[in-house]
Amino acid sequence: MNIAGLSQKKALDIIHYIHGTSNDYIKTPQAEDIYLDIIDRINEFSTTEYAKNRIKLLRPTNNYDEIQQMNNLIEDTLDEIKDLDLDYIHDLYKMIKPLSDEITPRFDDSFAIVCEEYDDYLNMLHKNYNKYTNIFPIEDQPNLDGYDYILYVYNEYNIEPPESPNIISIKNTADEYEILPDIILQYYTKNRKTLENVYKLRTYLNKKSNIKDVLEVLDIIDSFTQKDVPIEQIVDEVKQRADDKINEQIQQIALKGDEILQLLGSSDELPPKIVEIYNTILNDAQVELSEKTGILFDPFIIQYPIKIDEEEIERVKQNTIANKQIRQYEEKIRACQQLQQYKQVIQQETQEIIHYNFNFALACFFLYYNLTIPTIADEYILDDALHIRLQQELNDGSIMQKVTYNLSNDENIILLTGANSGGKTTLLEMIAQINIMTHMGIGVCAKNAVIPKTDEIYYFTKQQSLNAGAFETFLRSFIPAAVGDKKKLVLIDELESITELEAAIKIIIGFIELIQNKNNYAIIVTHMAPEILKQTQNINIRVDGIEAQGLDENYNLIVDRNPKINYLAKSTPELILKRIYQKSDEPEKSIYKEILDKF
């Protein structure tokens, strides 16, 4: 979606505003990044520009009727494509694009239009007919030699058309397509490849289509453009066979004295026996010519070897070309009359297929990431859930541990503790993904999921900068998460990375005190859980932990990705230090050893 002078985000915001679909569900840049990653992943399965742009317009919402409609759309599409070859459908979509009305005229020099009225001539120039063929006013007495046929456009027929055996006369009040049918037909020929693939796809999807009728009409037109009959070659071949037969049969007959004298004399008449041979063989030759060319003509002159009448050959060739062109012109007129009734229909059928790519992309995304439609209720229950990036790695053959986790109204504030590099951030991202995808109506990456209704999502990640500007920016986006009556999901990843430990503890405690009795959910990743718990003894806070169990033979952390409920897990920095120690070289290795010994 490219609009000059506007960023894509701004353009999308304007479109949402115009259509009344803008919302404030996503409240932080970090949550927006997760949303945009989801959009990009869906769009990997789209092909048409329409689908790509419509996918970019998808947003999470708290309108649960819209969410249900999206759920239904995906389920219906899954049912429609469940037994089909998705790669075949995708390949067809690569060859489908919107039908184009931008037709570049194709000049045809095989015929000419001659106008009786000069005004008609000027009118045709104004309509750019001269980009399709030659046009002349009759008063200019044009030289029309060399054209296969002439189209004479008359008014009162006060002036006789030019001398030509191949002329078609048509009234100047005739429809445009009767004068230049290619103006209409070129629309269909230019779009033919798209129409063929739309027809294939509609047929494969078991959708009705009128495009087959259009393609059959175009096939008839195309049949006239096939290779011309090689008349001269066929005549030469038939003549050679006839000469051989005449030679063979004449050698087998016996002539009487008077017949020999007749041959030697000045008489032009041949003996009856020889005439009979010629007549029989040449009659057979004419039948053979007719069968092979589709034309009745006699190009043979009786003598030995048989002589070819070149004038007759040229006459037949010219007549054949002219007749073919005239038949093609007449067939084009009939084609235009038939195709007029289909244009709107095929446009609708093509547009429907292009729009269906949106449904298809969502369904393919759903299948690839092994999604399910969640239940909307008053708690979080995730059964065998997975971050969609990890699901992609799982599809590629990696081994991934799925996560089972839950939150409830009674335990809506969680301090998540545990190992460094143990998956706490990935868990937060996964929960953000699942919440956003639920409210987009596109399914979630879990075996089963129950998700509560929420109006806003806040996600705060670790910050690299500790300067005053970064801290101020954080506070301006963080405080709104603690006020107001809207239902919120708030995810905080190590607030202590933004400011001093004591300040971070105070901010978290203040935040918890503000949201404890509201219908909100908060998961806070922190290494300061004991300090926070000491100062919030009157608040119901659940502490969960992701525990590292050691290192494997490759010094990778052995971690149970499923958080233990009501469990304070250690951050185990010594395991990370041990891994670095084992993989380092001297002199750094000795320093790592000294630090490791202090644990």
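The values are calculated or read from the model by the stated rules, or taken from the named source; none is laboratory data. Just so it is clear, the model here is predicted, and its values are computed rather than measured. As a convention, Cβ positions derive from the backbone with ideal geometry for all residues, glycine included, and neighbour counts pool all protein chains shown. We work out accessible area using only protein heavy atoms, side chains counted, and drop any ligands, DNA or RNA first. Shrake-Rupley method; radii C 1.70, N 1.55, O 1.52, S 1.80 Å.
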* **Pair ASP109, LYS212: separation of 7 Å Cα→Cβ label points (nm)** => 4.2
* Structure fact -> Among (i) 32.5; (ii) 34.2; (iii) 28.0, the entry matching Kirkwood radius over Cα pairs in Å as calculated here is (i)
* To do: Go ahead and estimate [θ] at 222 nm for the chain from helices alone: -39,500 (n - 2.57) per DSSP H run with n ≥ 4, summed, over the residue count, rounded to 500.
  => -15500 deg cm²/dmol
* With every protein chain in place, what's the accessible area of GLU75 (1.4 Å probe, Å², nearest 10)? -> 90
* Between ILE313 and VAL345, what length in nm is gained on full extension when 0.36 nm per residue of separation is reduced by their alpha carbon distance? -> 6.8 nm
* Structure fact -> Checked against a 25 Å limit on the C-alpha separation, the offending pairs among LYS127/LYS190; LYS207/LYS343; LYS82/LYS190 are LYS82/LYS190
* Potential extension, GLN401-LYS564 segment - 0.36 nm per residue separation minus Cα distance -> 57.2 nm
* To do: Let me know the charge dipole size of the stretch 346-437 about its Cα centre in debye, to the nearest 20, where only the beta-carbon of Lys, Arg (+1) and Asp, Glu (-1) is charged.
  => 300
* Go through VAL287, VAL114 and list them by solvent-accessible area, largest first, probe radius 1.4 Å. => VAL287, VAL114
* Which whole-number value in Å² is the accessible area per residue of the stretch 38-145, probe 1.4 Å? -> 57
* **Vicinal HN-Hα couplings computed from phi for the stretch 139-151 (Karplus, 6.51 cos²θ - 1.76 cosθ + 1.60; Hz; Gly/Pro x)** => 5, 7, 6, x, 7, 9, 5, x, 8, 5, 7, 10, 9
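So if R0 is 41 Å, what FRET efficiency would LEU533 and LEU36 give, r being the distance between their Cβ atoms, rounded to the nearest 0.05?
The calculated FRET efficiency here is 0.70.
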* Asked: Counting other Cβ atoms within 10 Å of each Cβ, which GluC sites (Glu not before Pro) in the stretch 135-180 have at most 16 and sit in a DSSP loop?
  -> GLU156, GLU163
* Asked: When the accessible area of the chain is split by element with a 1.4 Å probe, what percent falls to carbon and sulfur?
  -> 47
* Asked: Using a 1.4 Å probe, how large is the accessible area of VAL217, given in Å² and rounded to the nearest 10?
  -> 10
* Mind listing the phi-derived Karplus ³J(HN,Hα) values for the stretch 481-494, rounded to whole Hz, using 6.51, -1.76 and 1.60 with θ = phi - 60°, and x for any glycine or proline? -> 5, 9, 10, x, 9, 6, 6, 10, 10, 10, 10, 10, 10, 6
* Structure fact -> Residues whose modelled amide H sits under 5 Å from the amide H of VAL525, counting only those 5 or more places away in sequence or on another chain, are LEU416, ILE492, ASP493, GLU494
* Degrees, to the nearest 10: 310-339 long Cα axis against longest axis of the chain -> 40
* Asked: When DSSP assigns beta bridges and you keep just the ones with both residues in the chain, what percent turn out antiparallel, to the nearest 5?
  -> 30
* To do: Mind pulling the angle between the C-alpha long axis of helix 29-43 and the longest principal axis of the chain? Nearest 10 degrees, somewhere in 0 to 90.
  => 30
* **Note, ³J(HN,Hα) from phi for the stretch 415-423, Karplus 6.51, -1.76, 1.60, rounded to Hz, x at Gly and Pro** => 9, 9, 10, x, 5, 5, 6, x, x
* Once label points are set 7 Å from the Cα along Cα→Cβ at both ASP284 and GLU586, what is their separation, rounded to one decimal in nm? -> 10.7
* Give the accessible area for SER209 in Å² (nearest 10); use a 1.4 Å probe, count only protein heavy atoms, and leave out ligands, DNA and RNA. => 40
* Can you give the extra length, in nm with one decimal, that the chain gains between ASP101 and ASN143 once fully stretched, where that is 0.36 nm per residue apart less the Cα-Cα distance? -> 11.6 nm
* When the Cα centres of the stretch 96-148 and the stretch 373-434 are compared, how far apart do they sit, in Å? -> 69
* Pick out, from TYR157, PRO230, PHE360, the residue whose Cα sits farthest towards the positive end of the charge dipole of the chain, with +1 on the Cβ of Lys and Arg and -1 on the Cβ of Asp and Glu. => PHE360
* Asked: Just for the stretch 358-494, what percent of DSSP beta bridges are antiparallel, to the closest 5?
  -> 55
* To do: Calculate, for ASP383 and SER408, the FRET efficiency according to 1/(1 + (r/R0)^6) with r their C-beta to C-beta distance and R0 22 Å; round to the nearest 0.05.
  => 0.90
* Could you calculate the FRET efficiency of ASN540 with LEU84 from 1/(1 + (r/R0)^6), where r is the beta carbon distance between them and R0 is 45 Å, rounded to 0.05? => 0.30
* Ignoring ligands, DNA and RNA, how do THR173, THR48 rank by accessible area with a 1.4 Å probe, largest first? -> THR173, THR48
